[in-house]
Every structure is written in structure tokens, then in C-alpha cells.
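Below is one structure, written out as C-alpha cells; comments come after it.
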Amino acid sequence: MKILKNFVVLAIILKTVLLASCSKDEKVSIVTEKNIKTQMIEAFEEGYNELENGDVLFAAKKFNEAELLFPQSTWAPKAALMAAYAYYSQDYYYDAEYELNRFLKVYPNEKNVPYAHYLLGMIYYERIVDEKKDLKPLVMAEEKFKFIEKNYPNTDFALDSTYKLDLIQDYLASKEMYVGIHYVKKNKWVAAINRFKNVVEKYDETSFIDEALHRLVELHYKLGLIDESQKYASLLGYNYQSSEWYSKSYKIFNENYKTKLEIKKEKKGIFKKFKELLY
């Protein structure tokens, strides 16, 4: 009887352990599934907080982690884009470019694709230093902003792309002017003329057009090509008669003509002499 009683007690204990084990297993399974979503959201939020605090490298790492934790989630493309923006915000352009190209490849139909293209354009644009540097960032930025204008015409990104394209035209024109003036200093007249012609033909809506025309007047006159020189002088006078560059061109054909700047300097010199007489 005692043995039977002990057996019953043992059976009850075993049953309790088994039930607890099964219950525990089920709970672990549910909690694990829930934790993936929770961890993904927590990683995203942590990345966002770190981005606001200025630690963009750790922020990008957390956004990448969020994407990897739950790649099927609608949060995944957002996390990928946020990683790219984190790098961009502190001028880690190469990392940002890599993340954006990966985003466009992995999520080609995501609604924020236009923004990804725009951010790529801004990365190329912000690599532009001045007219003395490599043209590659200028060309890449121009191509990307034209792509946005064509494919997403009714967006704010297209509007800003148009504005950026106007600025890029100025940059490209300044590059041509810089190289042209460099050739002038080296007495390479023909090479210089070709550069200034590029400005007139390709960048006629930029702020460098009147100077380029004057340079063509000057160089053709120097080479004895008077008709060509007068042709560009007429074009300059017709369109930019109020420009200081027109005054300089006019002086080439009229040696006694004085530009406004020269007259101003003369007046300043006379006033200086007048002051010397008084003191």
C-alpha cells in the first residue's frame, strides 16, 4: 500500500514536470517570435535616438540591424534608408552612396525610391569643391538630377533638381572659364578660344556668358581676326551693353575709351590729391 502511494505521488510529480515543460516550451516559442519584432523596433528607435545625439556611425549600425532582424517587415526599407541618411548627415558620402545603391537594388518598388535618387544626387552635388577640381561629381550630379526631373516631374525633388541643375551649369561654365584663362596665361590662344566658345554655346544662360564673349573679342582681336572679334563684340553689346565686360570690349576698338571702373579710379586719385593739398 505504501509502495502504491509512493508510486502515485511520483506519477503526479512527473506529470507536473511534463506539463510545466510543455508550457515552458510553448511560451519560449511565442516569446521568441514576439522578440524579433520587438528587437527590430527597439533597434530602429535606438538608431533614431543615436542619430539625434550625433553618433551617426552607431545609428547606421542599429538601422542595419533593424533591417536584418525583420527583412520582411515594412520597417526594413525605412531602416535601410535611414542608415543611408545617417551617413549622409555627417558627410560619410561613400558609405551613404553604398547604402542608397543597395536600397534601390533591394527595394526598387518602395515608395521612397524618388527620395533615394534625390539623396544620391545631393551626395554627388556636395562633393563638388570648385572649378579647379575633377568634373566627375558635377557630371554625376547633373545626370541624377535630370533623371529625377524626367521620372518624378510632379515632386518637390524635381523642383529642387531643376534649381540644382541651374547651379551646376554655373559650375560647369566656371570650369571652362578657369581652363580658358589658364590657356591665355600660357599663350595658347586657340585652346583658350575653344573653351570660351563652349561657354557661349553650352552655358549661355549662366553668369559667365558676358565675360566669355569679351574674352573672344579680345583673343580674336589679338590674333588679327578683326571680323570675328567685331562679331562677338556686337553680340556682347546687343545683349549685355550694361555689363562691365562690354565696356572692356568697347575699349579694344576705341583706345581712348575709359571704362566706368577706370573713371572711378581716376576720380578717387584726384580726390586723394585734393586732400593732400588741404593737409
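Which pairs break 24 Å Cα to Cα here: Lys62/Lys164; Lys111/Lys150; Lys150/Lys197? Let's see the in-between values first.
Details: Lys62/Lys164 32 Å; Lys111/Lys150 17 Å; Lys150/Lys197 29 Å.
Lys62/Lys164; Lys150/Lys197, as the Cα separations exceed 24 Å there.
Could you work out the local net charge near Asn53, counting Lys and Arg as +1, Asp and Glu as -1, over the other residues with Cβ closer than 13 Å to its Cβ?
Details: positive: Lys62; negative: Glu45, Glu46, Glu50, Glu52, Asp55.
Taking every Cβ under 13 Å from that of Asn53, the sum is -4.
All other residues with a Cβ under 12 Å from the Cβ of Met122 taken together, and with Lys, Arg as +1 and Asp, Glu as -1, what is their net charge?
That works out to -1.
Starting from the 7 Å offset along Cα-to-Cβ, what nm value, one decimal, do you get for the label separation of Lys188 and Phe147?
In this crude label model, Lys188 to Phe147 measures out at 3.3 nm.
Along the charge dipole of region 121-204, pointing to its positive end and built from +1/-1 on Cβ of Lys, Arg, Asp and Glu, which listed residue (Tyr124, Leu135, Phe157) has its Cα farthest out?
Most positive-ward Cα: Leu135.
Taking θ as phi - 60°, what are the ³J(HN,Hα) couplings along region 223-233 by the Karplus curve (6.51, -1.76, 1.60), each to the nearest whole Hz, with x for Gly and Pro?
Coupling constants for region 223-233: 7, x, 8, 5, 4, 5, 4, 5, 4, 6, 5 Hz.
What does the charge count near Tyr152 come to, summing +1 for each Lys or Arg and -1 for each Asp or Glu among other residues with Cβ under 12 Å from its Cβ? Don't skip to the answer; put the middle values down first.
On the way: positive: Lys111, Lys144, Lys146, Lys150; negative: Glu149, Asp156, Asp160.
Net charge in that neighbourhood comes out at +1.
Read the figures in this text as sums done on the coordinates, not as results from a lab. Everything quoted here is computed from the prediction, not taken from an experiment. So basically every Cβ, Gly included, is an ideal-geometry build from the backbone, and we count neighbours across all protein chains shown.
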